[in-house]
1. I need every pair where a residue in the stretch 144-166 that is within 20 Å of ARG113 (Cα to Cα) has its Cβ under 6 Å from the Cβ of a residue that is crowded, with 23+ Cβ neighbours inside 10 Å and of a type in the set (Asp, Glu), sequence separation at least 6 or different chains.
2. Which pairs turn up if I take residues in the stretch 108-136 that are within 18 Å of ILE91 (Cβ to Cβ) and look for partners that are among the small types (Gly, Ala, Ser) with beta carbon separation below 6 Å, at least 6 apart in sequence or on another chain?
3. Filter the stretch 141-176 for residues that are part of a strand (DSSP E or B) and under 14 Å from ALA105 (Cα atoms); which is nearest to the ligand (Cβ to nearest atom)?
4. Between a residue in the stretch 43-69 that is free of Cβ contacts under 8 Å to residues at least 60 places away in the same chain and closer than 19 Å to ALA142 by Cα and any residue that is acidic (Asp, Glu) and assigned to a helix (DSSP H, G or I), which pairs come within a Cβ distance under 9 Å, given they are 6 or more apart or on different chains?
5. Which residues, counting only those in the stretch 31-52, are within 13 Å of the ligand (Cβ to nearest atom), of a type outside the set (Val, Ile, Thr) and more than 11 Å from TYR85 (Cβ to Cβ)?
6. Got at least one residue in the stretch 72-90 being at pLDDT below 90 and surrounded by fewer than 19 Cβ atoms within 10 Å (Cβ to Cβ)?
7. Tally the residues that are more than 17 Å from ASP40 (Cβ to Cβ) and near the ligand (Cβ under 8 Å from one of its atoms), restricting the search to the stretch 99-109.
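The values are calculated or read from the model by the stated rules, or taken from the named source; none is laboratory data. What you see is a predicted model; the values in this text were computed from it and never measured. Glycine also receives a Cβ, built like all others from the backbone with ideal geometry; neighbour counts cover every protein chain displayed.
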Amino acid sequence: MSRPSTSAVKGGRPASKPLHRGKQGHSNTRIAIRPAEVSDAEFIRDLSRKAFQQYGPYEALLPNWFLSGIGATMVAVLGRKIAGYAMLERIMGQAGSPRVSELLAIAVEPWGRNHGVGDRLLAETIRKARERHVERVVLHTAVDNLSGQALFRKHGFVACGIKTAFYPEGQDALVMEKELKPEAQARDLGAPGKPGESGWKRN
Ligand SMILES: CC(C)(COP(=O)(O)OP(=O)(O)OC[C@H]1O[C@@H](n2cnc3c(N)ncnc32)[C@H](O)[C@@H]1OP(=O)(O)O)[C@@H](O)C(=O)NCCC(=O)NCCS
């Protein structure tokens, strides 16, 4: 997630599940992705509280970012129930500057996790970013959010820095980024990034 003073949400929740979780078989055919509607604001509020309240007032911030149009938001429907959302910062094209967009937040309902919903949401977010000619996607996630980091690494994000006390509640954030330039696409399925690989820096 991002930080209130900047544009977006921030980190994610600490991994509460073991890294060696039981696979439940991703049934992607049951997952549909669609643009969020105004009537989804309450869902975004509720899930943001569950997923991010330990970091700050994201229960209020995320629906506000959605409703104000700061974040382009998609929701995932698993079976018949809305199971998650992802919010990508909308960028204004400025001539000569790189088109960088922040993934403000991604979250899946606790009951819907480990079914491939996060995978689908992130893949669709990246696809949308490419469609909008975004050159780089950046994100912040809590340094101890190992499940979130695993998801991001799986999709080609690499760690590029740490911001201390980034979140309103004082936690540090890991900064990750993914290049979307055509030449970077070939690396998308490459080895996951490791700390130090892209020159970690502390703020
Ligand atoms: C992180 C999160 C979005 C993952 O959603 P999900 O639907 O459970 O993820 P998926 O089932 O699609 O799994 C996709 C990948 O994520 C990673 N992952 C997800 N849960 C994991 C866990 N408990 N431990 C390790 N890796 C995990 C794996 O790389 C996985 O790929 P694999 O199945 O091939 O191993 C979800 O746990 C969540 O909402 N967490 C709280 C909010 C948060 O932390 N958001 C991220 C920071 S903004």
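1. Correct list of pairs: empty, since none qualify.
2. THR125/ALA86; ALA129/SER101; VAL134/SER101
3. Among residues in the stretch 141-176 that are part of a strand (DSSP E or B) and under 14 Å from ALA105 (Cα atoms), the one nearest to the ligand (Cβ to nearest atom) is THR141.
4. Matching pairs, first to second residue: SER48/GLU59; ARG49/GLU59; PHE52/GLU59; GLN53/GLU59; GLU59/ASP46.
5. Passing the criteria: ARG49, LYS50, PHE52.
6. Yes; the residues of the stretch 72-90 include at least one that is at pLDDT below 90 and surrounded by fewer than 19 Cβ atoms within 10 Å (Cβ to Cβ).
7. Selection size over the stretch 99-109: 1.
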